[in-house]
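J.: Just passing along the structure, written as structure tokens.
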Amino acid sequence: MNALRPWLGASACLVVAMAAVAMPAHADAVDTLREFVRDVKTGRADFTQTVTSPDGAKKKVSTGQFEFARPDRFRFAYAKPFEQLVVGDGQQVWLYDADLNQVSVRGMSGALGATPAALLAGKSLDQDFELSAQPSAQGLDWALATPKQKDGAFQSLRVGFRGKVLAAVEIVDGFGQRSVLEFRDMQTNVALGEQAFRFVPPKGAEVLKQP
């Protein structure tokens, strides 16, 4: 199994360290994040995810499509370099690795917590995160979300907006692995069928239940 895996529950995370000149923090970055969570009920976007190992020596780039519907329903469909699917149906989180024909499943409460999916598709920011505005960089306004649970899987998450449009999520996990998830063609409050957030294990797939 590759050490740099997509993020969520049993999977790993997202990020790229980009050099940029720091600019004064925009005070409304946190407000923009709060408005996103309050007003955007559904969303769909293409993404590119870059994962960098703690020593910076290894990088992995993945692409796919992301969809979500509040509360707690989301779908990450990774297409390249290998097919993988992460689906949160509101009660459970399913991770399907097509190459291994293997499915991991765990309860939503145990899988979500202070994760990127909770930040983007959850119901409450303040329950799990401390929020603060960050300096603008890379043409984006950034809000920092620090998990209140200090022994969780993530050290910090930064959310970048271009105006009011969600553009990127940057993460440092508990092992120092850095990731960035860059969104393209973000569509908000679009009609998404319930089928997008349902998962049935393929025939013959090994299903591993996690606590």
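J.: Looking only at region 7-50, filter to residues that are among the hydroxyl-bearing types (Ser, Thr, Tyr) and at pLDDT 90 or above; which one of those is farthest from the chain's Cα centre (by Cα)? Can you show your working first?
T.: First pass over region 7-50, keeping only residues among the hydroxyl-bearing types (Ser, Thr, Tyr): 11, 32, 42, 48, 50.
Remaining after also requiring at pLDDT 90 or above: 32, 42, 48, 50.
Numbers: 32: 18, 42: 15, 48: 11, 50: 12 Å.
Applying the filter and picking the extreme gives 32.
J.: Just checking: which of the strands (runs of 3 or more DSSP E) contained wholly in region 122-211 hold 2 or more residues that are free of Cβ contacts under 8 Å to residues at least 40 places away in the same chain?
T.: Details: elements: 129-137, 140-147, 154-162, 165-173, 178-188, 206-209.
Passing ranges, in order: 129-137, 140-147, 154-162, 165-173.
Each row is one residue, and each column tells you yes or no for (1) surrounded by 17 or more Cβ atoms within 10 Å (Cβ to Cβ); (2) over 20 Å from residue 74 (Cα atoms); (3) at pLDDT 90 or above; (4) out of contact with any Gly (no Cβ under 8 Å at 6 or more places or on another chain).
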residue	(1), (2), (3), (4)
134	yes, yes, yes, yes
148	no, yes, no, yes
164	no, yes, yes, yes
167	yes, no, yes, no
172	yes, yes, no, yes
190	no, no, yes, no
201	no, no, yes, yes
205	no, yes, yes, yes
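J.: For region 166-191, enumerate the residues that are in contact with a helix residue (DSSP H, G or I) (Cβ under 9 Å, 6 or more places away or on another chain) and over 25 Å from residue 53 (Cβ atoms).
T.: 166, 188, 189, listed by residue number.
J.: Do you know which of the residues in region 174-188 that are surrounded by fewer than 18 Cβ atoms within 10 Å (Cβ to Cβ) and not aliphatic (A, V, I, L, M) is modelled with the lowest pLDDT? First the steps, then the outcome.
T.: Taking region 174-188 as the starting set, the residues that turn out to be surrounded by fewer than 18 Cβ atoms within 10 Å (Cβ to Cβ) are 174-176, 184-188.
Those left that are additionally not aliphatic (A, V, I, L, M): 174-176, 184-185, 187-188.
Numbers: 174: 81, 175: 85, 176: 87, 184: 96, 185: 95, 187: 95, 188: 95.
Taking the candidates together, the pick is 174.
J.: Filter region 121-132 down to residues that are surrounded by fewer than 22 Cβ atoms within 10 Å (Cβ to Cβ) and either in contact with a strand residue (DSSP E or B) (Cβ under 9 Å, 6 or more places away or on another chain) or modelled with pLDDT of 80 or more (or both), then give me how many there are.
T.: Initial filter on region 121-132 (surrounded by fewer than 22 Cβ atoms within 10 Å (Cβ to Cβ)): 123-128, 130-132.
From the residues that got through so far, the ones that are either in contact with a strand residue (DSSP E or B) (Cβ under 9 Å, 6 or more places away or on another chain) or modelled with pLDDT of 80 or more (or both) too are 125, 128, 130-132.
Total meeting the criteria: 5.
J.: Tally time: how many residues in region 66-96 are more than 23 Å from residue 177 (Cβ to Cβ), without any contact (Cβ under 8 Å) to a residue 24 or more places away in the chain and either of a type in the set (Val, Ile, Thr) or part of a strand (DSSP E or B) (or both)?
T.: Total meeting the criteria: 1.
J.: Given the conditions (1) under 15 Å from the mean Cα position of the chain (by Cα); (2) within 23 Å of residue 72 (Cβ to Cβ); (3) at pLDDT below 90; (4) surrounded by fewer than 22 Cβ atoms within 10 Å (Cβ to Cβ), which single one is not true for residue 158?
T.: Of (1) under 15 Å from the mean Cα position of the chain (by Cα); (2) within 23 Å of residue 72 (Cβ to Cβ); (3) at pLDDT below 90; (4) surrounded by fewer than 22 Cβ atoms within 10 Å (Cβ to Cβ), only one is false for residue 158: (3).
J.: Related question: What residue, among those in region 51-65 that are among the hydrophobic types (A, V, I, L, M, F, W, C) and in a strand (DSSP E or B), is modelled with the lowest pLDDT?
T.: Restricting attention to region 51-65, the residues satisfying the condition of being among the hydrophobic types (A, V, I, L, M, F, W, C) are 51, 57, 61.
Next, from what is left, pick out any that are in a strand (DSSP E or B): 51, 61.
Working: 51: 91, 61: 95.
The residue in question is 51.
The values are calculated or read from the model by the stated rules, or taken from the named source; none is laboratory data. The model shown is predicted, which means the values in this text are computed figures rather than measured ones. Positions of Cβ are backbone-derived with ideal geometry, glycine not excepted, and every protein chain shown enters the neighbour counts.
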